[in-house]
Amino acid sequence: MNLELSEEQAAVRELAADFVNREIVPHATAWDRAEEVDRGIVKKLGALGFLGLTIPEQYGGSGGDHLAYVLVTEELGRGDSSVRGLLSVSLGLVAKSINHWGTEEQKQRWLPRLCAGEALGCFALTEPGTGSDAGNLTTRAVRDGDSWVINGAKMFITNGTWAEVALVFARTGEAGHQGVSAFLVPTDTPGLTRTTVHGKLGLRGQPTAELAFADVRVPADAMLGPEGKGFNVAMSALAKGRMSVAAGCVGIIAASLDAAVAYATQREQFGKPIAAHQLVQEMLADIKVELDAARLLVWRVADLIERGLPFQTESSVAKLYASEAAVKAANTALQVFGGYGFIDEYPVGKYVRDARVMTLYEGTSQIQKLLIGRALTGVNAF
Ligand SMILES: Cc1cc2nc3c(=O)[nH]c(=O)nc-3n(C[C@H](O)[C@H](O)[C@H](O)COP(=O)(O)OP(=O)(O)OC[C@H]3O[C@@H](n4cnc5c(N)ncnc54)[C@H](O)[C@@H]3O)c2cc1C
(Lines give C-alpha, C1' and ligand atoms only; values in the text may rest on other atoms or scores of the structure.)
Protein backbone atom coordinates (compact mmCIF):
# COMPACT_ATOMS: atom_id res chain seq x y z
CA MET A 1 0.00 0.00 0.00
CA ASN A 2 1.42 3.39 -1.00
CA LEU A 3 1.05 5.82 1.91
CA GLU A 4 1.96 8.86 -0.16
CA LEU A 5 -1.02 10.75 -1.57
CA SER A 6 -1.01 11.59 -5.27
CA GLU A 7 -1.19 15.28 -6.20
CA GLU A 8 -4.85 14.85 -7.06
CA GLN A 9 -5.68 13.13 -3.75
CA ALA A 10 -3.81 15.78 -1.76
CA ALA A 11 -5.70 18.53 -3.63
CA VAL A 12 -9.08 16.91 -2.94
CA ARG A 13 -8.21 16.57 0.74
CA GLU A 14 -7.17 20.25 0.92
CA LEU A 15 -10.35 21.33 -0.85
CA ALA A 16 -12.44 19.29 1.60
CA ALA A 17 -10.53 20.57 4.66
CA ASP A 18 -10.95 24.17 3.55
CA PHE A 19 -14.67 23.66 2.84
CA VAL A 20 -15.22 22.00 6.23
CA ASN A 21 -13.39 24.79 8.09
CA ARG A 22 -15.37 27.53 6.31
CA GLU A 23 -18.83 26.03 5.74
CA ILE A 24 -19.33 23.41 8.44
CA VAL A 25 -17.25 23.87 11.61
CA PRO A 26 -18.61 27.39 12.37
CA HIS A 27 -22.21 26.10 12.20
CA ALA A 28 -22.00 22.58 13.67
CA THR A 29 -23.05 23.53 17.22
CA ALA A 30 -25.98 25.64 16.01
CA TRP A 31 -27.18 22.85 13.69
CA ASP A 32 -26.91 20.37 16.56
CA ARG A 33 -28.97 22.63 18.82
CA ALA A 34 -31.54 23.27 16.07
CA GLU A 35 -31.67 19.54 15.23
CA GLU A 36 -31.22 20.31 11.54
CA VAL A 37 -28.24 21.07 9.34
CA ASP A 38 -28.74 23.82 6.73
CA ARG A 39 -30.16 21.97 3.74
CA GLY A 40 -28.14 24.26 1.44
CA ILE A 41 -25.09 22.20 2.38
CA VAL A 42 -26.29 19.41 0.06
CA LYS A 43 -26.01 21.59 -3.08
CA LYS A 44 -22.61 22.85 -1.94
CA LEU A 45 -21.36 19.28 -1.54
CA GLY A 46 -22.67 18.59 -5.03
CA ALA A 47 -21.10 21.71 -6.55
CA LEU A 48 -17.66 20.68 -5.26
CA GLY A 49 -18.07 17.23 -6.81
CA PHE A 50 -18.02 15.46 -3.44
CA LEU A 51 -21.39 13.77 -4.02
CA GLY A 52 -20.11 12.34 -7.31
CA LEU A 53 -16.79 10.86 -6.15
CA THR A 54 -16.04 7.45 -7.77
CA ILE A 55 -19.11 7.81 -10.05
CA PRO A 56 -18.22 8.00 -13.79
CA GLU A 57 -18.34 11.45 -15.37
CA GLN A 58 -20.82 10.27 -18.03
CA TYR A 59 -23.44 10.05 -15.23
CA GLY A 60 -22.58 13.43 -13.71
CA GLY A 61 -19.98 12.01 -11.34
CA SER A 62 -16.59 13.52 -10.61
CA GLY A 63 -14.56 10.32 -10.93
CA GLY A 64 -11.76 10.07 -8.39
CA ASP A 65 -10.68 6.95 -6.55
CA HIS A 66 -11.73 5.41 -3.25
CA LEU A 67 -8.87 7.00 -1.31
CA ALA A 68 -10.07 10.44 -2.45
CA TYR A 69 -13.57 9.42 -1.28
CA VAL A 70 -12.21 8.33 2.10
CA LEU A 71 -10.22 11.56 2.52
CA VAL A 72 -13.31 13.69 1.86
CA THR A 73 -15.41 11.53 4.18
CA GLU A 74 -12.84 11.86 6.95
CA GLU A 75 -12.78 15.65 6.59
CA LEU A 76 -16.59 15.81 6.71
CA GLY A 77 -16.53 13.60 9.79
CA ARG A 78 -14.07 16.02 11.38
CA GLY A 79 -16.51 18.87 10.73
CA ASP A 80 -19.90 17.34 11.49
CA SER A 81 -20.93 13.67 11.49
CA SER A 82 -24.47 14.67 10.48
CA VAL A 83 -23.18 16.11 7.19
CA ARG A 84 -20.81 13.20 6.72
CA GLY A 85 -23.75 10.80 7.07
CA LEU A 86 -25.79 12.60 4.39
CA LEU A 87 -23.00 11.90 1.91
CA SER A 88 -22.17 8.37 3.11
CA VAL A 89 -25.78 7.34 2.54
CA SER A 90 -26.73 9.27 -0.61
CA LEU A 91 -23.48 8.62 -2.46
CA GLY A 92 -21.97 5.66 -0.61
CA LEU A 93 -25.04 3.45 -0.28
CA VAL A 94 -27.50 4.68 -2.93
CA ALA A 95 -25.62 6.24 -5.89
CA LYS A 96 -22.87 3.62 -5.80
CA SER A 97 -25.49 0.84 -5.74
CA ILE A 98 -27.26 2.36 -8.76
CA ASN A 99 -23.91 2.68 -10.53
CA HIS A 100 -23.05 -0.96 -9.81
CA TRP A 101 -26.44 -2.68 -10.20
CA GLY A 102 -28.54 -0.24 -12.23
CA THR A 103 -29.77 -0.39 -15.81
CA GLU A 104 -28.65 2.34 -18.20
CA GLU A 105 -32.04 3.99 -17.76
CA GLN A 106 -31.86 3.91 -13.94
CA LYS A 107 -28.35 5.43 -14.04
CA GLN A 108 -29.44 8.20 -16.43
CA ARG A 109 -32.52 8.94 -14.36
CA TRP A 110 -30.97 9.18 -10.88
CA LEU A 111 -27.18 9.56 -10.91
CA PRO A 112 -26.80 13.07 -12.40
CA ARG A 113 -29.20 14.54 -9.83
CA LEU A 114 -27.70 12.64 -6.90
CA CYS A 115 -24.16 13.67 -7.90
CA ALA A 116 -25.19 17.33 -8.27
CA GLY A 117 -26.91 17.40 -4.88
CA GLU A 118 -30.20 18.21 -6.59
CA ALA A 119 -31.61 15.03 -5.06
CA LEU A 120 -30.73 12.91 -2.04
CA GLY A 121 -31.04 9.17 -1.67
CA CYS A 122 -31.92 7.08 1.37
CA PHE A 123 -31.27 3.40 2.04
CA ALA A 124 -34.26 1.62 3.57
CA LEU A 125 -33.27 -1.79 4.94
CA THR A 126 -33.93 -1.75 8.72
CA GLU A 127 -37.47 -2.39 9.97
CA PRO A 128 -39.05 -1.96 13.40
CA GLY A 129 -38.73 -5.73 13.96
CA THR A 130 -35.55 -6.54 11.97
CA GLY A 131 -32.23 -4.77 12.46
CA SER A 132 -29.17 -7.03 12.68
CA ASP A 133 -31.19 -9.89 11.18
CA ALA A 134 -31.92 -7.89 8.03
CA GLY A 135 -32.44 -10.99 5.86
CA ASN A 136 -35.67 -11.65 7.75
CA LEU A 137 -37.31 -8.38 6.72
CA THR A 138 -41.09 -8.43 6.35
CA THR A 139 -41.86 -5.48 4.05
CA ARG A 140 -43.46 -7.15 1.06
CA ALA A 141 -43.65 -6.36 -2.67
CA VAL A 142 -46.28 -8.20 -4.70
CA ARG A 143 -46.32 -8.30 -8.50
CA ASP A 144 -49.48 -6.87 -10.06
CA GLY A 145 -49.33 -6.76 -13.87
CA ASP A 146 -46.55 -4.35 -14.86
CA SER A 147 -46.11 -3.05 -11.30
CA TRP A 148 -44.98 -4.05 -7.85
CA VAL A 149 -47.09 -3.06 -4.84
CA ILE A 150 -45.13 -2.50 -1.60
CA ASN A 151 -46.52 -2.72 1.94
CA GLY A 152 -44.61 -2.52 5.22
CA ALA A 153 -42.48 -0.20 7.37
CA LYS A 154 -38.86 0.89 7.66
CA MET A 155 -37.15 2.34 10.73
CA PHE A 156 -34.20 4.71 11.40
CA ILE A 157 -33.76 5.76 7.77
CA THR A 158 -31.04 8.40 7.36
CA ASN A 159 -32.04 11.19 4.90
CA GLY A 160 -35.55 9.67 5.07
CA THR A 161 -37.52 12.92 5.10
CA TRP A 162 -35.21 14.74 2.67
CA ALA A 163 -34.58 12.07 0.07
CA GLU A 164 -36.12 12.15 -3.41
CA VAL A 165 -35.41 8.45 -3.95
CA ALA A 166 -35.47 5.55 -1.52
CA LEU A 167 -33.59 2.32 -2.16
CA VAL A 168 -36.09 -0.05 -0.56
CA PHE A 169 -35.56 -3.72 0.28
CA ALA A 170 -38.72 -5.83 0.24
CA ARG A 171 -39.64 -9.49 0.24
CA THR A 172 -40.75 -10.74 -3.19
CA GLY A 173 -40.33 -14.44 -2.54
CA GLU A 174 -39.49 -17.13 -0.02
CA ALA A 175 -38.41 -16.51 3.61
CA GLY A 176 -34.77 -15.57 4.24
CA HIS A 177 -32.10 -13.77 2.20
CA GLN A 178 -33.00 -15.27 -1.17
CA GLY A 179 -36.52 -13.83 -1.22
CA VAL A 180 -35.52 -10.16 -1.04
CA SER A 181 -35.48 -7.68 -3.95
CA ALA A 182 -34.39 -4.03 -4.16
CA PHE A 183 -36.48 -1.17 -5.57
CA LEU A 184 -35.82 2.47 -6.43
CA VAL A 185 -38.90 4.26 -5.09
CA PRO A 186 -39.47 8.00 -5.73
CA THR A 187 -40.46 9.34 -2.31
CA ASP A 188 -43.45 11.26 -3.71
CA THR A 189 -45.12 7.99 -4.71
CA PRO A 190 -48.66 7.86 -3.27
CA GLY A 191 -48.94 5.65 -0.17
CA LEU A 192 -45.43 6.40 1.13
CA THR A 193 -45.46 8.31 4.44
CA ARG A 194 -42.32 9.64 6.14
CA THR A 195 -42.14 10.61 9.80
CA THR A 196 -39.13 12.21 11.49
CA VAL A 197 -37.55 10.32 14.39
CA HIS A 198 -36.93 12.84 17.21
CA GLY A 199 -34.92 12.66 20.43
CA LYS A 200 -31.68 11.19 19.05
CA LEU A 201 -28.60 11.17 21.31
CA GLY A 202 -26.35 12.29 18.44
CA LEU A 203 -26.43 13.04 14.71
CA ARG A 204 -29.10 15.51 15.68
CA GLY A 205 -28.66 17.65 12.58
CA GLN A 206 -29.43 14.73 10.31
CA PRO A 207 -32.96 13.82 9.15
CA THR A 208 -33.74 10.29 10.35
CA ALA A 209 -37.17 8.89 9.52
CA GLU A 210 -39.63 6.09 9.82
CA LEU A 211 -41.15 5.11 6.43
CA ALA A 212 -44.59 3.54 6.06
CA PHE A 213 -45.65 1.86 2.79
CA ALA A 214 -49.38 1.43 2.17
CA ASP A 215 -49.99 -0.02 -1.31
CA VAL A 216 -47.05 1.87 -2.81
CA ARG A 217 -47.12 1.05 -6.51
CA VAL A 218 -43.95 1.21 -8.62
CA PRO A 219 -43.38 0.07 -12.22
CA ALA A 220 -41.53 -3.21 -12.84
CA ASP A 221 -38.47 -1.29 -14.03
CA ALA A 222 -38.05 0.23 -10.54
CA MET A 223 -36.37 -3.01 -9.43
CA LEU A 224 -32.62 -2.57 -8.88
CA GLY A 225 -30.66 -5.69 -9.76
CA PRO A 226 -32.26 -9.08 -10.44
CA GLU A 227 -35.36 -10.31 -8.62
CA GLY A 228 -34.36 -12.18 -5.44
CA LYS A 229 -30.90 -10.55 -5.35
CA GLY A 230 -31.85 -7.60 -3.14
CA PHE A 231 -29.89 -8.93 -0.19
CA ASN A 232 -26.76 -9.03 -2.38
CA VAL A 233 -27.43 -5.41 -3.38
CA ALA A 234 -27.70 -4.45 0.32
CA MET A 235 -24.61 -6.38 1.41
CA SER A 236 -22.45 -5.07 -1.44
CA ALA A 237 -23.49 -1.51 -0.50
CA LEU A 238 -22.79 -2.05 3.20
CA ALA A 239 -19.38 -3.63 2.63
CA LYS A 240 -18.18 -0.35 1.10
CA GLY A 241 -20.43 1.68 3.40
CA ARG A 242 -18.55 0.39 6.44
CA MET A 243 -15.37 1.93 5.04
CA SER A 244 -17.22 5.23 4.78
CA VAL A 245 -18.49 5.05 8.39
CA ALA A 246 -14.97 4.14 9.53
CA ALA A 247 -13.54 7.15 7.65
CA GLY A 248 -16.10 9.38 9.39
CA CYS A 249 -14.91 7.92 12.71
CA VAL A 250 -11.31 8.83 11.82
CA GLY A 251 -12.61 12.37 11.36
CA ILE A 252 -14.19 12.33 14.83
CA ILE A 253 -10.93 11.08 16.36
CA ALA A 254 -8.93 13.78 14.52
CA ALA A 255 -11.32 16.49 15.69
CA SER A 256 -11.16 15.15 19.25
CA LEU A 257 -7.36 15.25 19.19
CA ASP A 258 -7.19 18.77 17.72
CA ALA A 259 -9.62 20.08 20.35
CA ALA A 260 -7.88 18.30 23.25
CA VAL A 261 -4.38 19.47 22.26
CA ALA A 262 -5.56 23.08 21.83
CA TYR A 263 -7.29 23.06 25.21
CA ALA A 264 -4.49 21.27 27.07
CA THR A 265 -1.85 23.75 25.92
CA GLN A 266 -3.95 26.77 26.90
CA ARG A 267 -5.72 25.72 30.14
CA GLU A 268 -3.57 26.16 33.27
CA GLN A 269 -3.83 24.30 36.59
CA PHE A 270 -1.20 24.05 39.35
CA GLY A 271 0.62 27.00 37.76
CA LYS A 272 1.27 25.42 34.36
CA PRO A 273 -0.61 24.31 31.23
CA ILE A 274 -2.43 21.03 31.91
CA ALA A 275 -0.45 19.62 28.92
CA ALA A 276 2.57 19.77 31.22
CA HIS A 277 1.03 17.12 33.47
CA GLN A 278 2.10 13.65 32.42
CA LEU A 279 -1.32 12.04 32.84
CA VAL A 280 -2.83 14.62 30.47
CA GLN A 281 -0.13 13.90 27.88
CA GLU A 282 -0.98 10.21 28.25
CA MET A 283 -4.58 10.96 27.25
CA LEU A 284 -3.40 12.90 24.18
CA ALA A 285 -0.99 10.14 23.19
CA ASP A 286 -3.74 7.52 23.51
CA ILE A 287 -5.96 9.46 21.09
CA LYS A 288 -3.08 9.92 18.63
CA VAL A 289 -2.37 6.16 18.53
CA GLU A 290 -6.07 5.42 17.86
CA LEU A 291 -6.10 8.06 15.11
CA ASP A 292 -3.15 6.60 13.22
CA ALA A 293 -4.28 2.99 13.61
CA ALA A 294 -7.87 3.69 12.51
CA ARG A 295 -6.75 5.81 9.54
CA LEU A 296 -4.38 3.13 8.25
CA LEU A 297 -7.08 0.46 8.48
CA VAL A 298 -9.45 2.67 6.45
CA TRP A 299 -6.84 3.49 3.82
CA ARG A 300 -6.12 -0.24 3.46
CA VAL A 301 -9.74 -0.87 2.48
CA ALA A 302 -9.63 1.91 -0.14
CA ASP A 303 -6.39 0.52 -1.50
CA LEU A 304 -7.80 -3.03 -1.78
CA ILE A 305 -10.90 -1.76 -3.61
CA GLU A 306 -8.76 0.20 -6.08
CA ARG A 307 -6.64 -2.89 -6.77
CA GLY A 308 -9.73 -5.03 -7.33
CA LEU A 309 -8.91 -7.31 -4.36
CA PRO A 310 -11.32 -8.71 -1.73
CA PHE A 311 -11.94 -6.02 0.89
CA GLN A 312 -15.11 -7.06 2.76
CA THR A 313 -13.47 -8.48 5.90
CA GLU A 314 -10.95 -5.63 6.04
CA SER A 315 -13.89 -3.21 5.82
CA SER A 316 -15.48 -4.89 8.86
CA VAL A 317 -12.12 -4.72 10.69
CA ALA A 318 -11.81 -1.01 9.91
CA LYS A 319 -15.40 -0.26 10.92
CA LEU A 320 -15.18 -2.23 14.16
CA TYR A 321 -11.86 -0.69 15.17
CA ALA A 322 -12.54 2.90 14.09
CA SER A 323 -16.02 3.09 15.61
CA GLU A 324 -14.94 1.72 19.00
CA ALA A 325 -11.85 3.98 18.86
CA ALA A 326 -13.98 7.05 18.07
CA VAL A 327 -16.15 6.44 21.14
CA LYS A 328 -13.03 6.10 23.31
CA ALA A 329 -11.19 9.05 21.75
CA ALA A 330 -14.10 11.46 22.04
CA ASN A 331 -14.64 10.39 25.63
CA THR A 332 -10.94 10.87 26.43
CA ALA A 333 -10.99 14.32 24.81
CA LEU A 334 -13.94 15.23 27.01
CA GLN A 335 -11.88 14.17 30.05
CA VAL A 336 -9.10 16.56 28.98
CA PHE A 337 -11.64 19.39 28.97
CA GLY A 338 -12.78 18.66 32.53
CA GLY A 339 -16.15 20.25 33.36
CA TYR A 340 -16.01 22.46 30.26
CA GLY A 341 -16.26 19.33 28.13
CA PHE A 342 -19.72 18.78 29.53
CA ILE A 343 -21.25 21.94 28.02
CA ASP A 344 -21.80 22.53 24.33
CA GLU A 345 -19.81 25.74 24.21
CA TYR A 346 -17.01 23.29 23.35
CA PRO A 347 -17.41 20.62 20.65
CA VAL A 348 -16.19 17.49 22.47
CA GLY A 349 -19.55 16.60 24.04
CA LYS A 350 -21.05 16.49 20.54
CA TYR A 351 -18.22 14.23 19.37
CA VAL A 352 -19.09 11.78 22.17
CA ARG A 353 -22.80 11.80 21.23
CA ASP A 354 -22.16 11.52 17.48
CA ALA A 355 -19.54 8.77 17.91
CA ARG A 356 -21.91 6.62 19.91
CA VAL A 357 -24.05 5.56 16.94
CA MET A 358 -21.04 4.41 14.92
CA THR A 359 -20.80 1.09 16.82
CA LEU A 360 -24.51 0.52 16.13
CA TYR A 361 -25.35 1.23 12.51
CA GLU A 362 -24.26 -0.45 9.26
CA GLY A 363 -23.82 -3.55 11.44
CA THR A 364 -23.20 -3.37 15.19
CA SER A 365 -19.77 -4.19 16.65
CA GLN A 366 -21.08 -7.64 17.52
CA ILE A 367 -22.16 -8.22 13.91
CA GLN A 368 -18.73 -7.08 12.63
CA LYS A 369 -17.09 -9.62 14.97
CA LEU A 370 -19.36 -12.37 13.60
CA LEU A 371 -18.46 -11.39 10.01
CA ILE A 372 -14.73 -11.42 10.84
CA GLY A 373 -15.09 -14.71 12.74
CA ARG A 374 -16.93 -16.30 9.81
CA ALA A 375 -14.20 -15.19 7.40
CA LEU A 376 -11.55 -16.69 9.69
CA THR A 377 -13.25 -20.03 10.35
CA GLY A 378 -15.76 -20.61 7.58
CA VAL A 379 -18.31 -21.19 10.35
CA ASN A 380 -21.46 -19.05 10.43
CA ALA A 381 -22.16 -18.14 14.08
CA PHE A 382 -25.09 -15.76 13.49
C1 LIG B 1 -29.15 7.25 13.75
C2 LIG B 1 -29.38 5.97 13.00
C3 LIG B 1 -29.38 5.97 11.62
C4 LIG B 1 -29.63 4.79 10.91
N5 LIG B 1 -29.67 4.82 9.53
C6 LIG B 1 -30.11 3.73 8.86
C7 LIG B 1 -30.35 3.78 7.45
O8 LIG B 1 -30.12 4.82 6.79
N9 LIG B 1 -30.85 2.69 6.82
C10 LIG B 1 -31.11 1.52 7.49
O11 LIG B 1 -31.56 0.57 6.87
N12 LIG B 1 -30.88 1.43 8.84
C13 LIG B 1 -30.39 2.50 9.53
N14 LIG B 1 -30.17 2.43 10.89
C15 LIG B 1 -30.47 1.18 11.59
C16 LIG B 1 -29.24 0.44 12.08
O17 LIG B 1 -28.52 -0.09 11.00
C18 LIG B 1 -29.72 -0.62 13.08
O19 LIG B 1 -30.12 0.09 14.25
C20 LIG B 1 -28.66 -1.65 13.39
O21 LIG B 1 -28.45 -2.48 12.27
C22 LIG B 1 -29.00 -2.52 14.59
O23 LIG B 1 -30.30 -3.03 14.51
P24 LIG B 1 -31.31 -2.86 15.75
O25 LIG B 1 -31.26 -1.44 16.18
O26 LIG B 1 -32.60 -3.42 15.35
O27 LIG B 1 -30.64 -3.72 16.92
P28 LIG B 1 -30.80 -5.31 17.13
O29 LIG B 1 -30.50 -6.04 15.88
O30 LIG B 1 -32.08 -5.58 17.82
O31 LIG B 1 -29.59 -5.58 18.16
C32 LIG B 1 -29.66 -5.28 19.55
C33 LIG B 1 -28.39 -5.82 20.22
O34 LIG B 1 -28.30 -7.24 20.03
C35 LIG B 1 -27.05 -7.58 19.42
N36 LIG B 1 -27.24 -8.73 18.53
C37 LIG B 1 -28.20 -8.92 17.59
N38 LIG B 1 -28.01 -10.09 16.97
C39 LIG B 1 -26.90 -10.65 17.50
C40 LIG B 1 -26.17 -11.85 17.27
N41 LIG B 1 -26.52 -12.73 16.32
N42 LIG B 1 -25.06 -12.10 18.04
C43 LIG B 1 -24.65 -11.20 18.98
N44 LIG B 1 -25.30 -10.05 19.23
C45 LIG B 1 -26.40 -9.77 18.50
C46 LIG B 1 -26.65 -6.32 18.65
O47 LIG B 1 -25.24 -6.29 18.38
C48 LIG B 1 -27.09 -5.23 19.62
O49 LIG B 1 -26.13 -5.05 20.63
C50 LIG B 1 -29.86 3.59 11.62
C51 LIG B 1 -29.84 3.58 13.03
C52 LIG B 1 -29.61 4.75 13.72
C53 LIG B 1 -29.62 4.71 15.22
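The values are calculated or read from the model by the stated rules, or taken from the named source; none is laboratory data. The model shown is predicted, which means the values in this text are computed figures rather than measured ones. Positions of Cβ are backbone-derived with ideal geometry, glycine not excepted, and every protein chain shown enters the neighbour counts.
Just the residues that are among the hydrophobic types (A, V, I, L, M, F, W, C) and more than 15 Å from the ligand (Cβ to nearest atom), please, taken from the range 153-183. Spell out how you get there, then give the answer.
As a first pass, look at the range 153-183 and keep what is among the hydrophobic types (A, V, I, L, M, F, W, C): 153, 155-157, 162-163, 165-170, 175, 180, 182-183.
The answer is A175, and nothing else.
Restricting the first residue to the range 110-132 and requiring it to be without any contact (Cβ under 8 Å) to a residue 12 or more places away in the chain and among the charged types (D, E, K, R), which pairs with a second residue that is in a helix (DSSP H, G or I) and away from the ligand (no atom under 15 Å from the Cβ) meet a Cβ separation below 6 Å and a spacing of at least six or different chains?
Cβ pairs passing all conditions: none.
Give me the strands (runs of 3 or more DSSP E) completely within the range 159-256, filtered to those with at least 1 residues that are in the same structural domain as D146 (by the TED database), within 17 Å of the chain's Cα centre (by Cα) and within 21 Å of E118 (Cβ to Cβ), ordered by residue number. Break it down stepwise before answering.
Working: elements: 165-171, 180-186, 192-196, 208-219.
Here the list reads 165-171, 208-219.
Name the pairs whose Cβ atoms lie under 8 Å apart, with the first residue in the range 362-373 and within 23 Å of V89 (Cβ to Cβ), the second of a type in the set (V, I, T) and more than 8 Å from the ligand (Cβ to nearest atom), and 6 or more positions between them or separate chains?
E362/V245; S365/T359; Q368/V317; L371/T313
Given the conditions (1) more than 15 Å from the chain's Cα centre (by Cα); (2) assigned to a helix (DSSP H, G or I); (3) of a type in the set (V, I, T), which single one is not true for V379?
If we test V379 against (1) more than 15 Å from the chain's Cα centre (by Cα); (2) assigned to a helix (DSSP H, G or I); (3) of a type in the set (V, I, T), just (2) comes out false.
Is at least one residue of the range 334-349 among the charged types (D, E, K, R), in a loop (DSSP other than H, G, I, E, B) and either farther than 30 Å from P26 by Cα or more than 16 Å from the ligand (Cβ to nearest atom) (or both)? Please lay out each step first, then the result.
At the first step, the residues of the range 334-349 found to be among the charged types (D, E, K, R) are 344-345.
Add one more test, that the residue is in a loop (DSSP other than H, G, I, E, B), and what stays is 344-345.
Checking the rest, the ones that are also either farther than 30 Å from P26 by Cα or more than 16 Å from the ligand (Cβ to nearest atom) (or both) come to 344-345.
Scanning the range 334-349 turns up at least one residue that is among the charged types (D, E, K, R), in a loop (DSSP other than H, G, I, E, B) and either farther than 30 Å from P26 by Cα or more than 16 Å from the ligand (Cβ to nearest atom) (or both).
Quick check, is K350 crowded, with 18+ Cβ neighbours inside 10 Å and basic (K, R)?
On the way: crowded, with 18+ Cβ neighbours inside 10 Å: yes; basic (K, R): yes.
Taking the combined requirement at face value, the residue satisfies it.
Among the candidates G205, G173, G191, single out the residue that is surrounded by fewer than 19 Cβ atoms within 10 Å (Cβ to Cβ) and either modelled with pLDDT under 95 or out of contact with any strand residue (DSSP E or B) (no Cβ under 7 Å at 6 or more places or on another chain) (or both).
On the way: G205 fails: surrounded by fewer than 19 Cβ atoms within 10 Å (Cβ to Cβ); G191 fails: either modelled with pLDDT under 95 or out of contact with any strand residue (DSSP E or B) (no Cβ under 7 Å at 6 or more places or on another chain) (or both).
When all the criteria are applied, what remains is G173.
Given the condition in a strand (DSSP E or B), more than 10 Å from the ligand (Cβ to nearest atom), touching a helix residue (DSSP H, G or I) at 6+ places or on another chain (Cβ under 6 Å) and not β-branched (V, I, T), answer yes or no: does some residue in the range 59-82 qualify?
Yes, the range 59-82 contains at least one residue that is in a strand (DSSP E or B), more than 10 Å from the ligand (Cβ to nearest atom), touching a helix residue (DSSP H, G or I) at 6+ places or on another chain (Cβ under 6 Å) and not β-branched (V, I, T).
Which one of these is touching a strand residue (DSSP E or B) at 6+ places or on another chain (Cβ under 8 Å) and assigned by the TED database to the domain that holds L238: Y351, Y361, Y340?
So the residue among Y351, Y361, Y340 that is touching a strand residue (DSSP E or B) at 6+ places or on another chain (Cβ under 8 Å) and assigned by the TED database to the domain that holds L238 is Y361.
Applying the selection to the range 259-280, what residues are assigned to a helix (DSSP H, G or I) and free of Cβ contacts under 8 Å to residues at least 12 places away in the same chain? Give the steps one after another, and end with the answer.
Within the range 259-280, the subset assigned to a helix (DSSP H, G or I) is 259-266, 274-276, 278-280.
Across the range 259-280, the qualifying residues are A262, T265, Q266, A276, Q278, L279.
Suppose the filter is part of a loop (DSSP other than H, G, I, E, B) and either touching a His at 6+ places or on another chain (Cβ under 9 Å) or near the ligand (Cβ under 10 Å from one of its atoms) (or both); does E118 pass it? Give the steps one after another, and end with the answer.
Working: part of a loop (DSSP other than H, G, I, E, B): yes; either touching a His at 6+ places or on another chain (Cβ under 9 Å) or near the ligand (Cβ under 10 Å from one of its atoms) (or both): no.
No: the conditions fail for E118.
Which numbered condition trips up F123, out of (1) among the hydrophobic types (A, V, I, L, M, F, W, C); (2) surrounded by 23 or more Cβ atoms within 10 Å (Cβ to Cβ); (3) away from the ligand (no atom under 12 Å from the Cβ)?
(3) is the only condition that F123 fails.
Name, by its number, the condition in (1) within 13 Å of the ligand (Cβ to nearest atom); (2) among the β-branched types (V, I, T); (3) under 19 Å from A220 (Cβ atoms); (4) within 17 Å of the chain's Cα centre (by Cα) that does not hold for V94.
Just one mismatch for V94, condition (3).
Kindly evaluate A260 against the criterion of being modelled with pLDDT of 95 or more and more than 23 Å from the chain's Cα centre (by Cα). Before you say what the answer is, go through the steps one by one.
Values: modelled with pLDDT of 95 or more: yes; more than 23 Å from the chain's Cα centre (by Cα): yes.
Yes; evaluated as a whole, the condition is true for this residue.
Limited to the range 331-344, what total is found for residues that are in contact (Cβ under 8 Å) with a residue 60 or more places away in the chain and either among the acidic types (D, E) or closer than 25 Å to M243 by Cβ (or both)?
The total comes to 3.
Answer yes or no as to whether Y361 is more than 10 Å from the ligand (Cβ to nearest atom) and closer than 23 Å to S81 by Cβ. If you could, list the steps in order and put the result at the bottom.
Values: more than 10 Å from the ligand (Cβ to nearest atom): no; closer than 23 Å to S81 by Cβ: yes.
Spelling it out, it is not the case that Y361 is more than 10 Å from the ligand (Cβ to nearest atom) and closer than 23 Å to S81 by Cβ.
Among what's in the range 353-376 and is of a type in the set (V, I, T) and assigned to a helix (DSSP H, G or I), pick the residue that is surrounded by the fewest Cβ atoms within 10 Å (Cβ to Cβ). Let's see the steps before the verdict.
First, pick out the residues of the range 353-376 that are of a type in the set (V, I, T): 357, 359, 364, 367, 372.
Narrowing further to those that are assigned to a helix (DSSP H, G or I): 357, 359, 367, 372.
Values: V357: 22, T359: 20, I367: 19, I372: 16.
The residue in question is I372.
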